[in-house]
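Comments concern the structure below.
Read the figures in this text as sums done on the coordinates, not as results from a lab. Quick caveat, the model's predicted, so the values are computed rather than measured. Please note: Cβ atoms are built from the backbone with ideal geometry, for glycine as well, and neighbour counts cover all protein chains shown.
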Amino acid sequence: MANAKAQHATETTGPEACVFCALRDDARVIMRNRLAFAIRDTTPVTPLHTLILPCRHAATYFDLTDEELAAANDLLRRLRVDITKADASVGGFNVGANVGAVSGQSIFHCHIHLIPRRKGDIDNPHGGVRAVIPDKMRY
């Protein structure tokens, strides 16, 4: 019961206690537009792993307005170009957002992962994002 209460408190943390809200005007912001901003992930899956976040505190991807989704998509597209120019070994990307604690979301301010992929970064990439449930990766 204590774990459920602690988890619920984490899921409902407001902007005053949000680590991502505190970064909106931080020097670590690498790109922004009117409604969204981007930072490099502090624990990257691969080099240049980037997070795209709405400026407004919104818990999940599904809480974003259409305008915020468009702003996030604008940054995703621009960052893809910048990353591929910065590192010619990037041959693909994984793009995704964890929504809710059961999916692995641990910070409840929407953030979209842009993960550059390089040939050979794992032995067999077949299945891609399906690897979030390892037994379902191969099909």
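Sort by residue number and name the cysteines in the chain that have no neighbouring cysteine Cβ under 4.7 Å.
Unpaired cysteines in the chain: Cys55, Cys110.
What order do you get for 119-129, 15-25 when each peptide is scored by the mean count of other beta carbon atoms within 10 Å, highest first?
Most protected by this proxy first, the peptides run 15-25, 119-129.
Of [x] 23, 16, 16; [y] 25, 22, 13; [z] 25, 17, 15, which one was derived for semi-axes √(5λ) of the Cα gyration tensor in Å from the structure shown?
Looking at semi-axes √(5λ) of the Cα gyration tensor in Å for this model, the match is [y].
From the residues Ile52, Ala86, Ala36, which one has its Cα farthest along the dipole of the chain in the positive direction, the dipole being from +1 and -1 charges on Cβ of Lys/Arg and Asp/Glu about the Cα centre?
Most positive-ward Cα: Ala86.
Residue separation times 0.36 nm, minus the C-alpha to C-alpha distance between Arg77 and Val132: what's the value?
Result: 17.4 nm gained on full extension.
Return the FRET efficiency for the residue pair Phe62, Arg40: r is the Cβ-Cβ distance, R0 is 22 Å, and the value is rounded to the nearest 0.05.
About 0.35, to the nearest 0.05.
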